[in-house]
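Asker: Input: one structure, supplied below.
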Amino acid sequence: MNFPIRPRRNRRTPAIRSLVRETTLSASDFILPVFIHEDAEDTPISSMPGVTRWSLPGLVKEVGEAVALGVHAVVLFPKIEESLKTPHAEEAYNDDGLVPRAIEALKQAYPSLCVITDVALDPYNSDGHDGVVARDGLGEIHILNDETVEILVAQALCHARAGADIVSPSDMMDGRVAAIRSALDDSGFEHVSILSYTAKYASAYYGPFRGALDSAPKDGDKKTYQMDPGNAREAIRELQLDEAEGADMVMVKPAGPYLDIISTLRGSTTLPVAAYQVSGEYLMIKSACAAGWLDEKAVVLESLTGIKRAGADLILTYFAKQAAEWLR
Ligand code: PBG
């Protein structure tokens, strides 16, 4: 060739850049995680500046704003009163509990909204673990897998009865997707989807979330059920199991530090892949921007674009409303 190749021609004007852009964000990519409690007040969450724990009327108003901005899906996280927490998390499947009432309120206000629920025991059990805790003779704790799965099934059915569109097991117990799928099908909820937390890592980035719900483990950590941050092949193994067990969508969590895992799952399945930009990722961006060190709008949109470019079809993010507004 006797002329220089000039990639910059495709970057010359905003119009050309928008023609050749490979990845674009849209409000419909986002799922808004929302925190709820029994109180009549809406309370700012001190561990997550800019995020609020809502009363039910506050929730309905907040979600209405999200819907108006084009965000059509929310996932509910309840803060449960200490007095309702028990070793076997019975409150997790109380049909008059906070989550079923929140689902009903949202469905009544916005019939076409996609309501997603978190299936795990940590907000409900007195040990702060995603499963049932047993202690051995040495006082070491063990998370009982199959006993937990039975409770998760009851919890998923309770959410389905209240009108959830998608149940989302975040507990990482073995075999829970198959157990939930067959129980839903046997009970006339074959239309309810399962969004599985397929590759959920034992991450330090969940700290602010546990503060928001007062759900940190009282003893030990979550490393016997959540994945080791060093493992990538194991994510494919979890994916194969979730596919075989009937998951409709699969998730990687956290998102930013695990972009390679998102990309691997995207290349290994035809199912939709979701990614969760978790509380610690939110907080890192928020605090750097509050200090004036980073430009919030630019950094948020870039972080979400990176997650989508890596292969996420859906993104759970606390920035959902703000990003949707910026994208308008
Ligand atoms: C627990 C659950 C966690 C998150 C979502 N579901 C915390 C944990 O596993 O300890 C974290 C979300 C976030 O950090 O934003 N079932």
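Asker: Would you check if Asp219 is touching a residue at least 40 places away in the same chain (Cβ under 8 Å), more than 12 Å from the ligand (Cβ to nearest atom) and within 22 Å of Asp127 (Cβ to Cβ)? Can you show your working first?
Answerer: Numbers: touching a residue at least 40 places away in the same chain (Cβ under 8 Å): yes; more than 12 Å from the ligand (Cβ to nearest atom): yes; within 22 Å of Asp127 (Cβ to Cβ): yes.
It is true that Asp219 is touching a residue at least 40 places away in the same chain (Cβ under 8 Å), more than 12 Å from the ligand (Cβ to nearest atom) and within 22 Å of Asp127 (Cβ to Cβ).
Asker: Still on this model: I need every pair where a residue in region 75-91 that is in contact (Cβ under 8 Å) with a residue 40 or more places away in the chain and surrounded by 15 or more Cβ atoms within 10 Å (Cβ to Cβ) has its Cβ under 6 Å from the Cβ of a residue that is in a loop (DSSP other than H, G, I, E, B) and of a type in the set (Gly, Ala, Ser), sequence separation at least 6 or different chains.
Answerer: What qualifies is Lys85/Ser126.
Asker: Which one is farthest from Ile180 (Cα to Cα), of the residues in region 92-139 that are surrounded by fewer than 22 Cβ atoms within 10 Å (Cβ to Cβ), within 16 Å of the ligand (Cβ to nearest atom) and hydroxyl-bearing (Ser, Thr, Tyr)?
Answerer: Applying the filter and picking the extreme gives Ser126.
Asker: Related question: Of all residues in region 8-53, which are within 20 Å of the chain's Cα centre (by Cα), at pLDDT 95 or above and among the hydroxyl-bearing types (Ser, Thr, Tyr)?
Answerer: Once the filter is applied, which keeps residues that are within 20 Å of the chain's Cα centre (by Cα), at pLDDT 95 or above and among the hydroxyl-bearing types (Ser, Thr, Tyr), region 8-53 yields Ser26, Ser28, Thr52.
Asker: Take the residues in region 255-266 that are surrounded by fewer than 23 Cβ atoms within 10 Å (Cβ to Cβ) and under 18 Å from Ala202 (Cα atoms); name whichever of them is farthest from the chain's Cα centre (by Cα).
Answerer: Ranking the qualifying residues of region 255-266, first place goes to Asp260.
Asker: While we're looking at this one, here's another question. Which condition breaks for Val167 when tested against (1) farther than 25 Å from Asp219 by Cα; (2) in contact with a Pro (Cβ under 9 Å, 6 or more places away or on another chain)?
Answerer: (2)
Asker: Follow-up question, since we're still on this one. Looking for whichever is more than 19 Å from Glu238 (Cα to Cα), more than 16 Å from the chain's Cα centre (by Cα), more than 16 Å from the ligand (Cβ to nearest atom) and part of a strand (DSSP E or B) here; the options are His142, His191. Which one fits?
Answerer: Numbers: His191 fails: part of a strand (DSSP E or B).
Being more than 19 Å from Glu238 (Cα to Cα), more than 16 Å from the chain's Cα centre (by Cα), more than 16 Å from the ligand (Cβ to nearest atom) and part of a strand (DSSP E or B) holds for just one of His142, His191, which is His142.
Asker: Could you go through region 147-167 and let me know if any residue there is at pLDDT 95 or above and within 11 Å of the ligand (Cβ to nearest atom). Show your work before the answer.
Answerer: Going through region 147-167, the residues at pLDDT 95 or above turn out to be 147-167.
From what's left, within 11 Å of the ligand (Cβ to nearest atom): 152.
Among the residues of region 147-167, at least one is at pLDDT 95 or above and within 11 Å of the ligand (Cβ to nearest atom), which makes the answer yes.
Asker: On to the next question. For residues that are without any contact (Cβ under 8 Å) to a residue 60 or more places away in the chain and not small (Gly, Ala, Ser), scanning just region 124-139, find the one that is farthest from Lys200 (Cα to Cα). Steps first, answer last, please.
Answerer: First, pick out the residues of region 124-139 that are without any contact (Cβ under 8 Å) to a residue 60 or more places away in the chain: 124-125, 132, 134-139.
Narrowing further to those that are not small (Gly, Ala, Ser): 124-125, 132, 135-136, 138.
Details: Tyr124: 20, Asn125: 20, Val132: 18, Arg135: 24, Asp136: 26, Leu138: 29 Å.
Checking each candidate, the answer is Leu138.
Asker: Something else about it: Within region 6-37, track down each residue that is over 28 Å from Pro254 (Cα atoms) and either in a loop (DSSP other than H, G, I, E, B) or in contact with a Phe, Trp or Tyr (Cβ under 8 Å, 6 or more places away or on another chain) (or both). Let's see the steps before the verdict.
Answerer: So the first thing to find is which residues in region 6-37 are over 28 Å from Pro254 (Cα atoms), and the list is 6-20.
Listed by number, the residues that qualify are Arg6, Arg12, Thr13.
Asker: Could you identify the single residue in Leu106, Leu121, Leu76 that is touching a strand residue (DSSP E or B) at 6+ places or on another chain (Cβ under 8 Å) and assigned to a strand (DSSP E or B)?
Answerer: Details: Leu106 fails: assigned to a strand (DSSP E or B); Leu121 fails: assigned to a strand (DSSP E or B).
None of the others qualify; the one that does is Leu76.
Asker: Testing Asp248 on (1) out of contact with any Leu (no Cβ under 8 Å at 6 or more places or on another chain); (2) more than 18 Å from Met227 (Cβ to Cβ), one condition comes back false. Which one is that?
Answerer: So the condition that Asp248 fails would be (1).
Asker: Residue under question is Gly211, and the condition is that it be part of a helix (DSSP H, G or I) and either among the polar types (S, T, N, Q) or within 13 Å of the ligand (Cβ to nearest atom) (or both); does it hold?
Answerer: On the way: part of a helix (DSSP H, G or I): yes; either among the polar types (S, T, N, Q) or within 13 Å of the ligand (Cβ to nearest atom) (or both): yes.
Answer is yes for this residue.
Asker: Does any residue of region 217-236 turn out to be closer than 30 Å to Asp136 by Cβ, exposed (fewer than 15 other Cβ atoms within 10 Å of the Cβ), among the aliphatic types (A, V, I, L, M) and over 14 Å from the mean Cα position of the chain (by Cα)?
Answerer: Within region 217-236, none of the residues are closer than 30 Å to Asp136 by Cβ, exposed (fewer than 15 other Cβ atoms within 10 Å of the Cβ), among the aliphatic types (A, V, I, L, M) and over 14 Å from the mean Cα position of the chain (by Cα).
Let's see how each residue does on (1) surrounded by 21 or more Cβ atoms within 10 Å (Cβ to Cβ); (2) farther than 30 Å from Asp185 by Cα; (3) more than 12 Å from the ligand (Cβ to nearest atom):
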residue: Leu239; (1), (2), (3): yes, no, yes
residue: Asp242; (1), (2), (3): yes, no, yes
residue: Ser268; (1), (2), (3): no, no, yes
residue: Ala274; (1), (2), (3): yes, no, yes
residue: Glu281; (1), (2), (3): yes, yes, no
residue: Cys289; (1), (2), (3): no, yes, yes
residue: Ala310; (1), (2), (3): yes, yes, yes
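The values are calculated or read from the model by the stated rules, or taken from the named source; none is laboratory data. Being a predicted model, the structure only gives us computed values, none of them experimental. Using ideal geometry, Cβ is built from the backbone for each residue, glycine included, and neighbour counts are taken over all protein chains shown.
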